[in-house]
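The values are calculated or read from the model by the stated rules, or taken from the named source; none is laboratory data. None of these values were measured; they are calculated from a predicted model. All Cβ positions, glycine included, derive from the backbone under ideal geometry; neighbour counts span all protein chains shown. All accessible areas refer to the heavy atoms of the entire protein, side chains included, with ligands and DNA or RNA removed. Shrake-Rupley method; radii C 1.70, N 1.55, O 1.52, S 1.80 Å.
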Amino acid sequence: MSRKFKLLIPAAGKASRLNINYPKSLIKIGLKTIIELQFELFSFIDNYPTIIINKEYQYLLDNYIKQKKFNAELVIQESQNGMGDAVLNFKKSKFYDDTSDIILIWSDIPYLKKNTIIQTIESHINDGNDFTFPTIITTNPYTLIKRDRYQNVSEIIESREINNIFKNKAEREIGFFIFKKKIIFELLSKNLQNKYNKFTKEHSFLYIIKHLVDAGCKVSGLPIASEVETFSINTKADMQNLKYF
């Protein structure tokens, strides 16, 4: 059976920390919004992506997409219950049944490079991975990738989940993942350990890495990302730093 990849962009967050009244995906980088940059970047893979949105900002994204004459499917996340829940909303997509693998990117990642995408997809296919993502060793990582003695990925930990900030250099992911739909959706639908964030009580996403590994699935973290690709927009300081890129 041929593989069918689908680009999925969860953009249902309300950007409350930024104090803006529009989704982060509509933040401008120069003359283009992040969503426009992502559409262009992934057009060689999928020219009809699926975006998970919330009701409050539905009209903004819908009008913007129509104005730009983009092809995109909008799926509503009824309530903001976390990234894992946002991904599961893809079940409502008209593309769900025909999709074998999902390409997932956070909606506030503006500087991902095409070469990183290509290398990640090639590794995912050629190495027979169930879950593949680029990584980088950096200072003060938001997430921490743990590897076993054979250097295989064993889990990903968010610093806020263990009430710790990693001040030294460590390996992290960058908010871009490729995975087989079937096994990931099965795990996301189960009541597994660490499913819910300790602080927000929302359905997380990265916790499934450990469960994939424990189930004998093949997870691959590729140390191919550049520092600029780690940039995401979460705070007002991040908004200010846009001008330096």
Can you confirm whether the range 70-86 contains a residue that is under 17 Å from residue 196 (Cβ atoms), out of contact with any strand residue (DSSP E or B) (no Cβ under 9 Å at 6 or more places or on another chain) and among the hydroxyl-bearing types (Ser, Thr, Tyr)? yes
Count of the range 67-88 residues which are surrounded by 20 or more Cβ atoms within 10 Å (Cβ to Cβ) and of a type outside the set (A, V, I, L, M, F, W, C): 4
Is it the case that some residue within the range 8-16 is out of contact with any Lys or Arg (no Cβ under 6 Å at 6 or more places or on another chain) and in a helix (DSSP H, G or I)? yes
From the options 188, 206, 112, residue that is touching a strand residue (DSSP E or B) at 6+ places or on another chain (Cβ under 9 Å), within 25 Å of residue 2 (Cα to Cα) and either modelled with pLDDT of 95 or more or open to solvent by 10 Å² or more (accessible area, probe 1.4 Å) (or both): 188
Considering only the range 40-55, how many residues are part of a helix (DSSP H, G or I), more than 20 Å from residue 88 (Cβ to Cβ) and not aliphatic (A, V, I, L, M)? 2
Being open to solvent by 60 Å² or more (accessible area, probe 1.4 Å) and either farther than 27 Å from residue 236 by Cα or touching a residue at least 12 places away in the same chain (Cβ under 8 Å) (or both) is the filter here; which residues of the range 46-66 pass it? 47, 48, 55, 56, 58, 66
Restricting attention to the range 209-223, and to residues there that are open to solvent by 50 Å² or more (accessible area, probe 1.4 Å) and in contact (Cβ under 8 Å) with a residue 40 or more places away in the chain, which single residue is nearest to residue 180 (Cα to Cα)? 218
So which residues in the range 89-109 are loosely packed, with under 15 Cβ neighbours inside 10 Å and under 24 Å from residue 27 (Cα atoms)? none
Tally up the residues in the range 165-207 that are among the hydrophobic types (A, V, I, L, M, F, W, C), outside any loop (DSSP other than H, G, I, E, B) and touching a residue at least 60 places away in the same chain (Cβ under 8 Å), please. 7
Selection status of residue 125, of a type in the set (A, V, I, L, M, F, W, C), open to solvent by 10 Å² or more (accessible area, probe 1.4 Å) and modelled with pLDDT of 95 or more: yes
If a residue has to be without any contact (Cβ under 8 Å) to a residue 40 or more places away in the chain and within 21 Å of residue 231 (Cβ to Cβ) to count, how many in the range 117-152 make the cut? 6
Anything in the range 14-39 that is open to solvent by 70 Å² or more (accessible area, probe 1.4 Å) and within 17 Å of the chain's Cα centre (by Cα)? List them, or say none. 14
